[in-house]
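J.: First the structure, then my questions, so here it is.
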Amino acid sequence: MKKLFLSLALLPLISLTANAKVLTGLDNLEKQNFAILEGKKVAIITNHSAINSNGINAVDVLRKSPKVNLVAIFSPEHGLRGTEEGGLLINNSKDAASDLPIFSLYGQIKRPTAEMLKGIDTLVFDIQDVGVRFYTYLTTMGYAMEEASKLGIEFIVLDRPNPIGGLIVEGPVLQEDIKAFTAYFPVPARHGLTAGEMALLHKDYKKLNLNLTVIKMEGWTRTTWFDETGLAWLNPSPNIRDLNTEILYPGLGCFEATNVSVGRGTKNPFLWFGAPWMNAKKIAKKLSKADLPGLTFKYQEKIPVDNMYKGELCKGISIEITDRNKVRALDIFVYAAYYLKKYNSKDFELREKGIRRMIGYDKFLKMFNKNIKPKKIIADFEKNNSIYKKNREKHLLY
């Protein structure tokens, strides 16, 4: 009898997913009785976040089907179980339950090699993303698509919701000469695409000779937030712990290119930011008066138990979402960086290399260094991404 890979740990989630309003690509693959995979040697790029409407992980779903010959597993950043901290390189391993090889795509090598892909007919991608360009799961997908195209391997994306919706777009389009693992696709920071839509965009942009299939969802629309899907929440990575965190991540994530803590090592990462030297009370008042609808800002002190400023008292600002439809998280960063420079000029550091990758746009640094007001910077972002909003329509599936 086959042992189940991750399912036992997910049993409490089954009641949450059984009445799901949205069926994922994995659910629809099951409904189609795995016809597209029959008779093929299959590998899957996945992690703990890929579960079906019964709370069963994608690896187990594929292994249990007599029609699927699963021969290898590939894992992204944070590992197969999503427990490793961001940036930690992960080695290859074996799945104890199935004896299948687990190839890490977040080690010294971030692309599947020809040796790893030897004998594979079809590469399946199924991971729950967060909807932000500098989150790395979709870059892993993009790299794998490129390698599959070189070897004539079929590529299938089992689509999942963009948890923060598919309508709102934030930030400028990634500048063509900026390329990194966190800066790979020609899209804004908050792109409003599902994994399947990003795959279609990437194939088109790179002109890949790739047999690509996206198995769509049912029931998801561009206005759907994750907590409206009926799907079970699983932390996509250790410090993304709820939907509000994901909503704020396009902006708060940019603080990781500064010397300001985003709350790693506290109970509320990415819902707070601060530093021992920060003039947080004054900045909180300024942010409360700024054009940042759907949000409240409050002074709050924290002592991180890990990561930046470990063990130090940090003066900071907690953020509460009052109307998520109005929130533009990147605007928070633009305003906060402006006030940090104004009121903490001796201490605040904006790291050029990092912020280029996060914002994806050299003009931001030029405007920031010239003390251009936040409203003008944000207006420039909107002007920049207007063409993207039109061009992306041909890749939209919902």
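J.: So residue 185 clears everything in (1) assigned to a loop (DSSP other than H, G, I, E, B); (2) farther than 19 Å from residue 387 by Cβ except one condition, right? Which one?
T.: Residue 185 satisfies every listed condition except (2).
J.: Identify all residues within region 170-205 that are polar (S, T, N, Q) and over 17 Å from residue 381 (Cα atoms); write none if there are none.
T.: 182, 194
J.: Which one of 382, 320, 393 is surrounded by fewer than 20 Cβ atoms within 10 Å (Cβ to Cβ), within 25 Å of the chain's Cα centre (by Cα) and not in a helix (DSSP H, G or I)?
T.: 320
J.: Now, a different point. Within region 122-152, track down each residue that is out of contact with any helix residue (DSSP H, G or I) (no Cβ under 9 Å at 6 or more places or on another chain), of a type outside the set (A, V, I, L, M) and not in a loop (DSSP other than H, G, I, E, B). First the steps, then the outcome.
T.: Start the filter on region 122-152 by keeping residues that are out of contact with any helix residue (DSSP H, G or I) (no Cβ under 9 Å at 6 or more places or on another chain), which leaves 136, 139-140, 143-144, 147-148, 150-152.
Next cut, of a type outside the set (A, V, I, L, M) only: 136, 139-140, 143, 147, 150, 152.
Answer for region 122-152, where residues must be out of contact with any helix residue (DSSP H, G or I) (no Cβ under 9 Å at 6 or more places or on another chain), of a type outside the set (A, V, I, L, M) and not in a loop (DSSP other than H, G, I, E, B): 139, 140, 143, 147, 150.
J.: Oh, and also: Looking only at region 244-282, count how many residues are outside any loop (DSSP other than H, G, I, E, B), buried (at least 17 other Cβ atoms within 10 Å of the Cβ) and either in contact (Cβ under 8 Å) with a residue 60 or more places away in the chain or not aliphatic (A, V, I, L, M) (or both).
T.: Within region 244-282, residues that are outside any loop (DSSP other than H, G, I, E, B), buried (at least 17 other Cβ atoms within 10 Å of the Cβ) and either in contact (Cβ under 8 Å) with a residue 60 or more places away in the chain or not aliphatic (A, V, I, L, M) (or both) number 20.
J.: Moving to a separate point now. Do you know which of the residues in region 22-49 that are assigned to a loop (DSSP other than H, G, I, E, B) and under 19 Å from the mean Cα position of the chain (by Cα) is nearest to residue 118 (Cα to Cα)?
T.: Ranking the qualifying residues of region 22-49, first place goes to 47.
J.: As an exercise: evaluate residue 313 against (1) under 18 Å from residue 379 (Cβ atoms); (2) in contact with a Pro (Cβ under 7 Å, 6 or more places away or on another chain); (3) of a type outside the set (Val, Ile, Thr) and give the number of the one condition it does not meet.
T.: (1)
J.: Moving to a separate point now. Which one of these is crowded, with 18+ Cβ neighbours inside 10 Å, in a helix (DSSP H, G or I), out of contact with any Lys or Arg (no Cβ under 9 Å at 6 or more places or on another chain) and of a type in the set (Lys, Arg): 203, 285? Quick ask: steps written out before the conclusion?
T.: Numbers: 285 fails: crowded, with 18+ Cβ neighbours inside 10 Å.
So the residue among 203, 285 that is crowded, with 18+ Cβ neighbours inside 10 Å, in a helix (DSSP H, G or I), out of contact with any Lys or Arg (no Cβ under 9 Å at 6 or more places or on another chain) and of a type in the set (Lys, Arg) is 203.
J.: Has region 87-110 got at least one residue that is of a type in the set (Gly, Ala, Ser) and touching a helix residue (DSSP H, G or I) at 6+ places or on another chain (Cβ under 7 Å)?
T.: Yes, that holds for at least one residue.
J.: Between a residue in region 203-228 that is more than 16 Å from residue 25 (Cβ to Cβ) and any residue that is among the polar types (S, T, N, Q) and crowded, with 17+ Cβ neighbours inside 10 Å, which pairs come within a Cβ distance under 6 Å, given they are 6 or more apart or on different chains?
T.: 208/149; 209/149; 210/149
J.: Would you pick out the residues in region 343-398 that are acidic (Asp, Glu) and out of contact with any strand residue (DSSP E or B) (no Cβ under 8 Å at 6 or more places or on another chain)? So that I can check it myself, show each step before the final result.
T.: First, the residues of region 343-398 that are acidic (Asp, Glu): 347, 349, 352, 362, 380, 382, 393.
352, 362, 380, 382, 393 - these are the residues of region 343-398 that are acidic (Asp, Glu) and out of contact with any strand residue (DSSP E or B) (no Cβ under 8 Å at 6 or more places or on another chain).
J.: What number of residues in region 71-99 are of a type in the set (D, E, K, R) and surrounded by 17 or more Cβ atoms within 10 Å (Cβ to Cβ)? Spell out the reasoning first.
T.: Going residue by residue through region 71-99, those that are of a type in the set (D, E, K, R) are 77, 81, 84-85, 94-95, 99.
Imposing the further condition that a residue be surrounded by 17 or more Cβ atoms within 10 Å (Cβ to Cβ) reduces the set to 77, 84, 95.
Qualifying residue count, region 71-99: 3.
J.: Here is a follow-up. How about region 315-345: which of its residues are within 21 Å of residue 280 (Cα to Cα), basic (Lys, Arg) and either touching a His at 6+ places or on another chain (Cβ under 9 Å) or in contact (Cβ under 8 Å) with a residue 40 or more places away in the chain (or both)?
T.: Within region 315-345, 315, 328 qualify.
J.: With the condition kept exactly as written, say whether any residue in region 11-29 is at pLDDT 95 or above and surrounded by fewer than 16 Cβ atoms within 10 Å (Cβ to Cβ).
T.: no
J.: Quick check on my filter: what residues within region 288-314 are surrounded by fewer than 13 Cβ atoms within 10 Å (Cβ to Cβ) and touching a residue at least 40 places away in the same chain (Cβ under 8 Å)?
T.: 291, 305, 306, 310
J.: When you go through 148, 180, 189 one by one, which is the residue that is surrounded by fewer than 18 Cβ atoms within 10 Å (Cβ to Cβ), of a type in the set (A, V, I, L, M) and touching a residue at least 60 places away in the same chain (Cβ under 8 Å)?
T.: Criteria check complete, one pass: 180.
The values are calculated or read from the model by the stated rules, or taken from the named source; none is laboratory data. Here the structure is a predicted model, which is why all the values come from computation and not from measurement. Please note: Cβ atoms are built from the backbone with ideal geometry, for glycine as well, and neighbour counts cover all protein chains shown.
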